[in-house]
């Protein structure tokens, strides 16, 4: 990847959902599902799923800031998951499914904090946003079978019931960001 590209890392519940959303955005060059935010080195899916590693399921996004701004990635992140539920997205429950932004620079931290403040004061959400903002430490890519999960398993019940509605929302409400 060229140096003009930047990285963003988000945890918004199941990484299959988050990856499926972000890989459809213009300016996004690569998405990698994985684990971050905990202390266990090179954790497995089973270990993270147990909720004992401190890691969250996350997606690391490589994007071209000349095509899509970090602020736009934040906007899509907040619009495509529920940032008001603590350690839960739908039926996925546990700290590994928390809402968290892992910033890569001081600029990203500032933008995330500004977005959070703006959304909390907008009245858009009935409950307070619980999304955490943390510095990215180490990111561990998930096992190969998690990569492009939605594309490879579109007809599985989880994909149809949980991911399809997010894709439909993206196509309906966030069309201007699509490739």
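What follows draws every value from the coordinates through simple rules; no lab data is involved. No experiment lies behind these values; they were computed from the predicted model shown. Cβ: placed from backbone, ideal geometry, glycine included. Neighbour counts: every protein chain shown.
Overview of results
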| read-out | value |
| --- | --- |
| Computed label-point distance, nm, for sites residue 105 and residue 154 using a 7 Å Cα→Cβ extension | 3.6 nm |
| Most mobile listed residue (51, 37, 106) in the chain, GNM with C-alpha springs under 10 Å | 106 |
| Pairwise label distance in nanometres, residue 169 with residue 75, each label 7 Å out on the Cα-Cβ vector | 1.6 nm |
| Per-pair calculated FRET efficiency, R0 = 30 Å: residue 126 and residue 62 via Cβ, rounded to 0.05 | 0.30 |
| Span per principal axis, largest first, for the Cα atoms of the range 17-72 (Å) | 38, 18, 16 |
| Helix-only [θ]222 nm of the chain, DSSP H runs n ≥ 4, -39500 (n - 2.57) each, per residue, nearest 500 | -8500 deg cm²/dmol |
| Relative contact order (%) - the range 22-179, alpha-carbon pairs under 8 angstrom, separation at least six | 28 percent |
| When the convex hull of its Cα atoms is projected in every direction, mean area for the chain (nm²) | 9.9 nm² |
| Sequence-separation-based contact order of the range 1-79, relative, with Cα cut under 8 Å and 6+ spacing, percent | 41 percent |
| Antiparallel bridges, percent of DSSP beta bridges restricted to the chain (to nearest 5) | 85 percent |
| Globularity ratio of the range 78-179, using Cα Rg and 2.2 N^0.38 Å | 1.20 |
